[in-house]
Each structure stands twice: as structure tokens, then as C-alpha cells.
Amino acid sequence: MGGHVAFLRGINVGGRRVTNDRLVSVAVDAGFGEVSAFLASGNLLLDAPVASTTQETEKVLSAALEADLGYEVDVFARSAAEVAAVASVTPFDQDVVDAAKGKPQVTFLHEHPTPAQWLAVAELGTSDDLVELGDRCWFWLPEHGISGTALDLRAIERHLGVGTTRTLNTVSRLAAKSA
């Protein structure tokens, strides 16, 4: 399947439960073709005949989800090629990844951070929480796992805006499915 991958923020967290079937149905009703869901965390693979850019995909899908679910859903869309490019990045040395209890993470953003924004975020990184800049995303390796992190994720969000996070392994699996 080609087209786009949509990463949905806040699906099936905070007491909200939305089935993959419902997400797929909303996307199909909005005019997207060949829609499939991946895992239960808000990942959709879709062809985008109703939108020619990832920004249009984000707007159309976000509006359709809000109309159906009754609350705002932030959508971060990437082309299949962009997902493959993110999946191909090795932001951390393998020996550091192997020693960490946490898994490498990717947080997708709507915009590429400015140098000043990224400098502010980079200064929040620690020896236990490594951060690296990507293309409209940032990579994070929490040495003690996500629940054991001291990284100030709210401060990062204040600097970069909202994002949505997936493991790098999930992104790699999505890249393979969307190829």
C-alpha cells in the first residue's frame, strides 16, 4: 500500500477507546482509499485521493475524526517515503541502545523546529535521556524507559508544539507495510 501514514495523537489513552474498525471507517468515509490500521495506537495507512499533500491529509482526517468522535484529534501525516526515511535513521549508537532499558522513540511534529527551538530542547537532554533532531520529528532514547524518564516532556512540547510518539520499531514496521 502506498500513499500516506497518519499518526493520530491521543487515541486509546486517557480513558478514550476507539476501535481500529471505527478509525478505518471514518477515514474511508472522508474519502481516503485503501485504509488500514496498524496496532491499536492510532496508526493508519491510507491512500489520499482527497488530499495531495501531507498537510491536507492532516486537515481532512483531523476534521473527519473530530466530527465522528466529538473531540479534536491531532493528525501527523507523512508520505510513505518520509516514513521510510525516518525509519532508516540511526540516531543513537547501537551499543547505547543495547544498554538502555528503554526503546528508541520518534516524536512526529507538524513543523521542523527552528535552530533556537532545537537548542532549547537539546539542552533538556541528559546522559539518561538522549535526544536528536530529525525531519519534522525528534528522536529520544530513554535509558530507563519512558516511565522512568526525568526528561521534561511538557517543556519540550512548549518549545516544539504538540507531537505524537511511536517507537522507532513501530515506525520501521509501518515503513515496511507502506512500501
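The values are calculated or read from the model by the stated rules, or taken from the named source; none is laboratory data. Here the structure is a predicted model, which is why all the values come from computation and not from measurement. Every residue, glycine as well, gets a Cβ built from its backbone with ideal geometry; the counts of neighbours run over all protein chains shown.
Couple of notes before you dig in:
- Those residues of region 102-143 which are more than 28 Å from E58 (Cα to Cα) and surrounded by 15 or more Cβ atoms within 10 Å (Cβ to Cβ), in sequence order: G102, L124, G125, D128, D129, L130, P142, E143
- Matching residues in region 56-66 - criterion: being touching a residue at least 40 places away in the same chain (Cβ under 8 Å) and over 10 Å from G31 (Cα atoms): T57, E58, L65
- Counted residues, region 37-54 - those being within 17 Å of the chain's Cα centre (by Cα) and more than 11 Å from H4 (Cα to Cα): 6
- Taken together, the criteria place V121 among residues that are farther than 30 Å from N20 by Cα and either in contact (Cβ under 8 Å) with a residue 60 or more places away in the chain or of a type outside the set (D, E, K, R) (or both).
- Filtered residues of region 55-75 (kept if within 22 Å of A176 (Cα to Cα) and either more than 17 Å from the chain's Cα centre (by Cα) or in a strand (DSSP E or B) (or both)): V75
- Number of residues in region 13-27 that are under 17 Å from T164 (Cβ atoms), surrounded by 11 or more Cβ atoms within 10 Å (Cβ to Cβ) and out of contact with any helix residue (DSSP H, G or I) (no Cβ under 7 Å at 6 or more places or on another chain) equals 3.
- Candidates in region 155-179 are the residues that are at pLDDT 95 or above and of a type in the set (K, R); of these, the one that is nearest to W118 (Cα to Cα) is R158.
- Selection of region 82-104 for residues being in contact with a helix residue (DSSP H, G or I) (Cβ under 7 Å, 6 or more places away or on another chain) and either among the polar types (S, T, N, Q) or outside any loop (DSSP other than H, G, I, E, B) (or both) yields V83, A84, V86, A87.
- Pairs are defined by a Cβ separation below 6 Å, a sequence spacing of at least 6 or placement on different chains, a first member in region 69-92 that is touching a residue at least 60 places away in the same chain (Cβ under 8 Å), and a second member that is in a helix (DSSP H, G or I) and buried (at least 22 other Cβ atoms within 10 Å of the Cβ); the pairs so defined are V73/L65; V75/L61; A77/T57; A80/S178; V83/L174; V83/S178; V86/V171; A87/V171.
- Subset of region 28-45 that is farther than 21 Å from R16 by Cβ and crowded, with 23+ Cβ neighbours inside 10 Å - its residue that is modelled with the highest pLDDT: L45
- Residue list for region 116-158, restricted to those being part of a strand (DSSP E or B), in contact with a Leu (Cβ under 8 Å, 6 or more places away or on another chain) and among the charged types (D, E, K, R): D129
- Hey, V18 outside the structural domain of V171 (by TED's automatic domain parsing), part of a loop (DSSP other than H, G, I, E, B), among the β-branched types (V, I, T) and free of Cβ contacts under 8 Å to residues at least 40 places away in the same chain or not: no
- Failed item in (1) outside the structural domain of P142 (by TED's automatic domain parsing); (2) in contact with a helix residue (DSSP H, G or I) (Cβ under 9 Å, 6 or more places away or on another chain); (3) surrounded by 12 or more Cβ atoms within 10 Å (Cβ to Cβ), with A67 passing the rest: (3)
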